[in-house]
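The values are calculated or read from the model by the stated rules, or taken from the named source; none is laboratory data. Computed from a predicted structure; not experimentally measured. Cβ sites come from the backbone with ideal geometry, for glycine too, and all protein chains shown count toward neighbours. Just so you know, the surface numbers come from the protein's heavy atoms only, side chains and all, with ligands and any DNA or RNA stripped out. Shrake-Rupley method; radii C 1.70, N 1.55, O 1.52, S 1.80 Å.
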Amino acid sequence: MDPVRHFKISIGILAVLVTVGTAGYMVLEGWEFLDSLYMTVITLGTVGFREVHDLDHAGKIFTMLLIVFGVSVLGYIVGSLAQIMFEGQLQRIIGRKKVERKIESLSDHYIICGFGRIGALICREFAAKPIPFVVIEKFPEVIDKLEQEGYLHIRGDATEDDTLLRAGIRRAKGLISVVTSDTENVYITLTARGLNPNLFILARSGEEGSEIKLKRAGANKVVSPYLIGGSRMAQAILRPNVVDFIEIATGREHLDLQMEEINIPERSAFVGETLVTSGFRKETGVIIVGIKKSSGKMVFNPHSHTRIESSDTLIVLGEPAAIAKLEQLVACDSCADKIITRQRKEHPDHD
């Protein structure tokens, strides 16, 4: 049993002993409450003070029993405290309280259910971005790994409402269920969808046919690592150069070229402009690979006359510095007005 739980139980037993002792003196000796409580405390504390009043035979026997039980419980409490101190439990408790406060302050974060091989990779990518997230894991040996990595985490079963609520599911932006069991993934998806209908849910599918069940349970997107892995290995043989390019563009370890998605705000000054008049390519040097419309339609290799609409998502390819510059440009309306005016003069036919 956890030494902290030992300590809590022993404190509870001590409180029961104080109550029983006080009531016993009041009944057996007919003393007042304060005298009875005082006698109980000095007896349990074995401080050696003399009795408040003279005791009869029943009172003496009761006092002896109270001393025996009291010494045992106090020894148990001291042992639990020593175990907590020596095993670093006290420091762990204080650290856990800090983690819980950080989790309570999260909003628009992601909840990752399961810290296996896939979950660990997702956490590594999110931490590098960085994207706020919290991990739910139920196995103690895995919890130790999470503590070593310094990730925010909760120990519990992700299929239970209470665990997801502690992870802030009602404030979360999305949930990723990557436990090894497809059955658990279905239960997690069902529970999460019931607690937050607007949540984006990504679930892992391991067995054939489970994808349909996960989508019925409420998952927005289902991914099969085995299917993706098999396809990737086949493509590495059939189209090795294409695979190399994709790895360079999407891998975090490659710093010379990256692929990223950038959302166009609803009230952005670029809404209604074409790709040419927006100046994205000229000002930053990025390549617009595609545009995902708010309707869900994906436009690949968009033409220069393609107009930017509200809530569009640009799929861009370029150096990290260029992508960061484009993100700043999209967020700066005053900068946008100057660039648009200049581009319209240079390209009147695109206006």
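Brief remarks on what is shown
- First in the range 217-242 and closer than 27 Å to Asn198 by Cβ and in contact (Cβ under 8 Å) with a residue 24 or more places away in the chain, second anywhere and open to solvent by 80 Å² or more (accessible area, probe 1.4 Å) and among the aliphatic types (A, V, I, L, M), Cβ under 6 Å, 6 or more apart: Ala217/Leu190
- Condition check for Arg216: open to solvent by 20 Å² or more (accessible area, probe 1.4 Å) and within 18 Å of the chain's Cα centre (by Cα): no
- For the range 332-350, the criterion of being surrounded by fewer than 18 Cβ atoms within 10 Å (Cβ to Cβ) and in contact with a Pro (Cβ under 8 Å, 6 or more places away or on another chain) is satisfied by no residue at all.
- Just one of the listed residues (Phe62, Phe49) is outside any helix (DSSP H, G or I) and among the aromatic types (Phe, Trp, Tyr), and it is Phe49.
- Test: Tyr110 is at pLDDT 90 or above, touching a Gly at 6+ places or on another chain (Cβ under 8 Å) and open to solvent by 20 Å² or more (accessible area, probe 1.4 Å): yes
- Taken over the range 124-148, the criterion of being assigned to a helix (DSSP H, G or I) and surrounded by 11 or more Cβ atoms within 10 Å (Cβ to Cβ) is satisfied by Arg124, Glu125, Phe126, Ala127, Val142, Ile143, Lys145, Leu146, Glu147.
- Listed by first and then second residue, the pairs linking a residue in the range 307-318 that is in contact (Cβ under 8 Å) with a residue 24 or more places away in the chain and hydroxyl-bearing (Ser, Thr, Tyr) to a residue that is surrounded by 15 or more Cβ atoms within 10 Å (Cβ to Cβ) and in a loop (DSSP other than H, G, I, E, B), with Cβ atoms under 6 Å apart and 6 or more places separating them unless they lie on different chains, are Ser310/Val271.
- Test for Thr43: is it among the β-branched types (Val, Ile, Thr), surrounded by 15 or more Cβ atoms within 10 Å (Cβ to Cβ) and free of Cβ contacts under 8 Å to residues at least 60 places away in the same chain: yes
- Number of residues in the range 170-185 that are open to solvent by 60 Å² or more (accessible area, probe 1.4 Å) and in a helix (DSSP H, G or I): the value is 1.
- Residue identified as in a strand (DSSP E or B) and open to solvent by 30 Å² or more (accessible area, probe 1.4 Å) among Leu202, Leu190, Leu121: Leu202
- Residue match in the range 297-304 (condition: open to solvent by less than 50 Å² (accessible area, probe 1.4 Å), part of a helix (DSSP H, G or I), touching a residue at least 40 places away in the same chain (Cβ under 8 Å) and of a type outside the set (Val, Ile, Thr)): no
- Number of positions in the range 268-289 that are over 21 Å from Pro320 (Cβ atoms) and either in contact with a His (Cβ under 6 Å, 6 or more places away or on another chain) or of a type in the set (Gly, Ala, Ser) (or both): 6
- The range 268-287, subset aliphatic (A, V, I, L, M) and farther than 13 Å from Thr306 by Cα, residue most open to solvent (accessible area, probe 1.4 Å): Ile287
- Selection within the range 2-32 - in contact with a helix residue (DSSP H, G or I) (Cβ under 9 Å, 6 or more places away or on another chain), open to solvent by less than 50 Å² (accessible area, probe 1.4 Å) and farther than 30 Å from Asp54 by Cβ: Pro3, Val4, His6, Ser10
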